[in-house]
1. With V278, V225, V246 as the choices, which residue is among the β-branched types (V, I, T), out of contact with any His (no Cβ under 9 Å at 6 or more places or on another chain) and not in a helix (DSSP H, G or I)?
2. What's the number of the condition A102 fails, among (1) open to solvent by 10 Å² or more (accessible area, probe 1.4 Å); (2) touching a residue at least 24 places away in the same chain (Cβ under 8 Å)?
3. Could you check how many residues of region 313-353 are assigned to a helix (DSSP H, G or I), crowded, with 18+ Cβ neighbours inside 10 Å and among the hydrophobic types (A, V, I, L, M, F, W, C)?
4. Residue under question is G72, and the condition is that it be crowded, with 21+ Cβ neighbours inside 10 Å, of a type outside the set (S, T, N, Q) and farther than 25 Å from S271 by Cα; does it hold?
5. What do you reckon, is A57 open to solvent by less than 10 Å² (accessible area, probe 1.4 Å) and assigned to a helix (DSSP H, G or I)?
6. For region 229-241, what are the residues that are open to solvent by less than 20 Å² (accessible area, probe 1.4 Å) and touching a Pro at 6+ places or on another chain (Cβ under 9 Å)?
7. All but one of (1) of a type outside the set (S, T, N, Q); (2) farther than 30 Å from F423 by Cα; (3) free of Cβ contacts under 8 Å to residues at least 24 places away in the same chain hold for C261; which doesn't?
8. Cβ-Cβ below 6 Å, separation at least six or inter-chain, first residue in region 292-318 and at pLDDT 85 or above, second among the aromatic types (F, W, Y) and not in a loop (DSSP other than H, G, I, E, B): which pairs?
Amino acid sequence: MTSGTRIETWSSSFAFYLSVAGAAVGLGTLWRFPFLAGKHGGGLFVLVFVMACLLIAIPLLVSEFMIGRRGGPNVPAAAGRIAIASGRSPKWAAIGTLGTLAVFLIMTYYSVIGGWIFAYIETYATGAKSLDQAGLTARFSALLADPWRLMFWHAAFMAATLVISAAGLHRGIEIGNKIMMPGLFGILLALAIVALDQGDASRALAFLTHVDFSQLSGELVLAAVGQAFFATGVGMAIMIAYGSHVAATTSLPRSAAVVTCSIVLASVLSSLLIFPLVFGSDVDPAQGPQLAFIVMPSIFIGMPAGDLIGMLFFVLLGFAALSSSIAGLEPGGAWLMERFGMKRVAAISLVAAVTWLLGLATVLSFNHWSDLHPLAAIERFRMSTVFDLVDYFASNILLPVGALLTSLFVGWRLERNATAADFGASPAIRTLLLVLLRYLCPVAIAGVLVSAI
């Protein structure tokens, strides 16, 4: 590490794997992947997604882990420190700055959505009566229309995130993920088994395994690459922050492979949970939040022990949201601790408080500000709310630009001997990672960026 400061490291490689998997396996994996697979024909999308994870996600993860391990936990400064040590421009610090800004903006609305999940956990836990489709739609609409309820649950979710994160690396983040990650995969596996038993398993399996190359298109490839890119969390600065705590003896390629495999596994299991049930009920799986908050609860109604299954489903989503959220506070908190000498509790609390405050704009976007369209003069954003604009800017601009800079910096601006120790012992793997970072990753990321713009 170039900063010369002693950094606290993960207690074990296993703790690191769980924590990074927790950061990556979020709501985007559990409901965005099934949505995209449903929209793009199933099996072919799954195949392209897996290839994108192997060829794009792994090299980018290794690069971000390396920047963190060598540059230190102050994410906005990490790449700049490495660049200076390598005789390059300190302006490469933009990698961490863009990532920190991106994850901060994402957290402002991610916490609101996490609050929706907490509200539904409370609904199931208190034994609320099951409703029909119309009643479920009305219940979700009523939640979004009530800014005070949204503020409360937004605060509750952020408070839970703060309690875990402020406790520190070992007593907070590690312990939290050691509980949530096995719980998440255990619940996900159990619900997938129930779904295969209760739903249309044969149709779901056929949909997810049938590969029809005649459906291959640029739109499908970009969607799969984009999902692989977003699912791994690259570009958000989270992996740089977590990478700063990795011991020098830990293999970064192996770590990236483990994390990527966990994302693929969670994506497949979430599909095995969603598709048998929606096909068994003749429901369109290509839906957004309505799939989780309206469609799935409506399916649970007709199932044996439906209330229990519904409760477990939202606990599953809660674990996914919370494990990603605690990672989201790290880049900003680490910057405050090093830049201003703040204690961890104070730094994380400040980031959480500002995040919650700015998240009120998302809360109001679903009710009082639903007709407010700040960029209505631009046709593309004519109907975009404040929430839509924040999401678009963070996810479609900052993340891909940061990831593109990462691939260019590590692939082209650092000498081979500067990356050799971090890219693994095998010369073949080091060469493959370098080739992917130099050629495939920039092209793929640029494609996602251009398609989003």
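The values are calculated or read from the model by the stated rules, or taken from the named source; none is laboratory data. Worth saying up front: this structure is predicted, and the values here are computed from it rather than measured. Glycine gets a Cβ as well: all are built from the backbone with ideal geometry, and neighbour counts include every protein chain shown. Areas reflect the complete protein model, heavy atoms only, side chains present, ligands, DNA and RNA absent. Shrake-Rupley method; radii C 1.70, N 1.55, O 1.52, S 1.80 Å.
1. Every option except V246 fails the conditions.
2. Result: A102 passes all but (1).
3. So the answer is 18.
4. So G72 fits the description; yes.
5. Yes.
6. Within region 229-241, F229, G235, A237, I238, I240, A241 meet the criteria.
7. (2)
8. I309/F300; G310/Y124; G310/F300; M311/Y124; F314/Y120
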